[in-house]
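The values are calculated or read from the model by the stated rules, or taken from the named source; none is laboratory data. This is a predicted model, so every value here is computed, not measured. For neighbour counting, all protein chains shown are included, and Cβ atoms are generated from backbone atoms with ideal geometry for every residue, glycine included.
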2 protein chains.
Amino acid sequence: MIFNMKRADAATELSVLVDYLQGRDLKMTRPRQTVLEVFLGIEAHVTAEELYDAVRKVDPSIGQATVFRTVRLLEEAGLARSACRDDGARSYEHAYRHKHHDHLVCVDCGAIVEFREAEIERAQAAVYRKHGFEATGHSLELFGRCPACRRKGGTRA
Amino acid sequence: MIFNMKRADAATELSVLVDYLQGRDLKMTRPRQTVLEVFLGIEAHVTAEELYDAVRKVDPSIGQATVFRTVRLLEEAGLARSACRDDGARSYEHAYRHKHHDHLVCVDCGAIVEFREAEIERAQAAVYRKHGFEATGHSLELFGRCPACRRKGGTRA
DNA sequence: GATATATTGATAACCATTATCATTTGACGG
DNA sequence: CCGTCAAATGATAATGGTTATCAATATATC
């Protein structure tokens with residue numbers, strides 16, 4: 001049974017999750033739906049703990065463990081993509097109907113710019129070929145100082 | 001005072017460390033030299049804990065905290081480079097007189113191939129320029145299946 | 001509805017890493 | 001060489017993010 005929906009456009013993501021649960025003896029629950037909806041409402045990279053904070057505001061009865069479990073579930077279902085940040089924390093972003101992209105990260109303010117560069121993708125394919133590897137995915141982060149921080153900070157604080 | 005050297009070719013790295021310590025009121029110590037030598041003797045990516053295991057075999061009196069502290073020191077001194085692996089653990093590799101490179105990682109056996117691709121570097125520079133960022137570094141990992149595992153595993157276990 | 005089973009929330013456990021702190025050690029000046 | 005003093009050490013406790021445990025609860029199916 002699927003619970004009331006808050007966000008109309010979450011319908012497809014919800015059905016993706018339901019489909020994933022089907023046939024695995026997994027169940028659709030209110031906490032899972034709430035976590036999904038809150039996650040979909042955040043257009044940024046969040047850690048499980050940040051997501052937990054947001055979920056709590058909607059339903060304080062939902063526990064931290066459930067958020068951690070559910071966000072992993074979302075990743076398995078293809079609704080979220082995760083990456084380990086350089087500080088060791090794992091962050092999640094939307095994955096459903098979101099094209100692949102890489103990240104440009106400001107080392108001063110933490111701002112994240114998403115970009116796609118065909119040139120890079122092509123060159124990566126060449127590397128795979130050259131070494132006889134079968135590609136399964138990649139992670140690319142460019143670190144630097146964003147325009148705003150360059151103006152503010154001068155050479156660097 | 002610098003202690004007996006075991007590896008003749010560690011001389012330059014040692015002097016880099018000594019130079020770094022100089023003028024910062026930091027001291028050269030036997031544990032630091034031992035950690036450096038053991039680290040230099042390992043031609044692979046190691047976590048601080050793996051390095052600790054190796055150091056212990058040489059000098060069991062050296063504590064874990066010292067290895068963690070020293071490997072960070074080596075990174076600051078430019079002798080090591082670290083990256084957060086996808087499983088969240090931080091791994092270190094040699095950095096002195098080692099050209100920048102990226103990694104091709106086998107998701108089945110964990111094998112790591114280092115590569116350099118001028119094309120990718122060029123394209124990255126273009127991304128920085130396009131967004132007005134000042135580059136400070138990047139991390140690129142290509143995940144895939146190595147030739148050996150492709151032969152063995154077929155489509156995938 | 002009743003039933004079987006997955007899920008939940010609270011809590012404890014976990015792991016890699018860092019902080020604390022009394023003791024030891026190295027660098028420097030005599 | 002020896003004394004002095006700050007830095008470094010090792011043992012341990014603490015931390016932060018994440019996962020496991022487990023009795024109570026909620027869900028899908030009949």
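Picking from B:D25, B:D19, B:D9, B:D86, which residue would you name as being at pLDDT below 95, within 28 Å of A:T47 (Cβ to Cβ) and acidic (D, E)?
That would be B:D86, the only listed residue that is at pLDDT below 95, within 28 Å of A:T47 (Cβ to Cβ) and acidic (D, E).
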Just one of A:E37, A:E43, A:E93, A:E13 is loosely packed, with under 13 Cβ neighbours inside 10 Å, away from DNA strand D (no atom under 11 Å from the Cβ), touching a residue at least 24 places away in the same chain (Cβ under 8 Å) and not polar (S, T, N, Q); which is it? A:E43
What number of residues within region A:56-74 satisfy the criterion of being more than 10 Å from DNA strand D (Cβ to nearest atom) and surrounded by 15 or more Cβ atoms within 10 Å (Cβ to Cβ)? 5
Is it the case that B:I120 is more than 15 Å from DNA strand D (Cβ to nearest atom), in contact (Cβ under 8 Å) with a residue 60 or more places away in the chain and under 23 Å from A:H131 (Cα atoms)? no
Within region B:8-43, residues part of a helix (DSSP H, G or I) and among the hydroxyl-bearing types (S, T, Y) come out as B:T12, B:S15, B:Y20, B:T34
What residue, among those in region A:28-50 that are more than 16 Å from A:F3 (Cα to Cα) and within 13 Å of DNA strand C (Cβ to nearest atom), is nearest to the other protein chains (Cβ to nearest Cβ)? A:A48
Of the conditions (1) exposed (fewer than 13 other Cβ atoms within 10 Å of the Cβ); (2) farther than 20 Å from B:A118 by Cβ; (3) not assigned by TED's automatic domain parsing to the domain that holds A:T47, A:I112 fails just one. Which one is it? (1)
Please give the number of the condition B:F133 fails out of (1) more than 16 Å from DNA strand C (Cβ to nearest atom); (2) touching a residue at least 12 places away in the same chain (Cβ under 8 Å); (3) among the aromatic types (F, W, Y). (2)
